1. Check 183, 142 and return the single one that is within 30 Å of residue 288 (Cβ to Cβ) and either surrounded by 10 or more Cβ atoms within 10 Å (Cβ to Cβ) or at pLDDT 90 or above (or both).
2. Does residue 230 count as loosely packed, with under 14 Cβ neighbours inside 10 Å, modelled with pLDDT of 55 or more and under 22 Å from residue 310 (Cα atoms)?
3. Residue check, residue 238 against (1) surrounded by fewer than 13 Cβ atoms within 10 Å (Cβ to Cβ); (2) over 43 Å from the mean Cα position of the chain (by Cα); (3) in a strand (DSSP E or B), all met but one. Which one?
4. Could you tell me whether the range 264-273 includes any residue that is touching a strand residue (DSSP E or B) at 6+ places or on another chain (Cβ under 8 Å), part of a helix (DSSP H, G or I) and at pLDDT 90 or above?
5. In the range 45-134, which strands (runs of 3 or more DSSP E) lie fully inside it and hold 1 or more residues that are closer than 21 Å to residue 29 by Cα and touching a helix residue (DSSP H, G or I) at 6+ places or on another chain (Cβ under 7 Å)?
6. Restricting to the range 274-291, name every residue that is assigned to a strand (DSSP E or B) and either touching a residue at least 12 places away in the same chain (Cβ under 8 Å) or under 17 Å from residue 172 (Cβ atoms) (or both).
7. Within the range 2-22, identify whether any single residue is modelled with pLDDT of 85 or more and loosely packed, with under 11 Cβ neighbours inside 10 Å, and answer yes or no.
């Protein structure tokens, strides 16, 4: 009698738990997450699966009395492919059996291995990028050092050129000074001869008593001396600051002029680059013209010049 009561009780309990409307179904999907979901007045452990082919998701609840099934669900990892058998009852899906799909474990391991390989590859790429950046910095430093060396060599070459130009200018100035000394010495001898000649003429005039002739000779001698003094004064040197270059016609020939503000004077002075005749016409002195074009406004400069046709023509430029 007691056994019959027990059988009836189990049957009634099964009817209450599953009901006559419960249906068993199977599903295969990928684990999305494990969650706690409320159903009725209680919360249950649940697993959310992503169905294949973008068919959506399904949530399977774990009955509380199935501790073994709960442990199995808690061991599931995100991304695993599982096969589950469940019952639909009371508007919820109750899992009965959970198995990892055949080959899923191997696929998970392969996925993990792929992820490790990808991480290693990314780390190697980052390391290569750092090495490339370091190599670029080293090359930039080498180029900067090379450019600085080129600038130093250029400055050294410019210093050598200026030294050579100064040395050449000193030699040329010494030659001009020697030439000037010779000219002055010749002028002194010429003036001494003129004085002797004038004295002789004066004595002859006095002896002859020709006062008129003596006066005429004196005037002529004065004019000759004035002419010689003018020729000696037809050259000189000028110091000051460079103002600008100009183009100006002297007669029918276009000349390059250098405008200088002399030291201690208010008015500027223009000196011209000399010209010489060639088979094709008039040509400028290229050396003097090149030196003139190197001048900059406000630069101190020293020029030697000679006078011709009422104008001053440059003999040399120094700075």
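1. Just a single option satisfies the conditions, and that option is 183.
2. No, not satisfied.
3. (1)
4. no
5. Because the criterion is at least 1 residues that are closer than 21 Å to residue 29 by Cα and touching a helix residue (DSSP H, G or I) at 6+ places or on another chain (Cβ under 7 Å), the strands (runs of 3 or more DSSP E) in the range 45-134 that meet it are 81-89, 92-100.
6. 275, 282, 284
7. no
Matching residues to (1) at pLDDT below 85; (2) under 60 Å from the mean Cα position of the chain (by Cα):
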{"site": "175", "(1), (2)": "yes, yes"}
{"site": "189", "(1), (2)": "yes, no"}
{"site": "197", "(1), (2)": "yes, no"}
{"site": "200", "(1), (2)": "yes, no"}
{"site": "246", "(1), (2)": "no, yes"}
{"site": "255", "(1), (2)": "no, yes"}
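The values are calculated or read from the model by the stated rules, or taken from the named source; none is laboratory data. The structure displayed is predicted, hence computed values, not measured ones. Cβ: placed from backbone, ideal geometry, glycine included. Neighbour counts: every protein chain shown.
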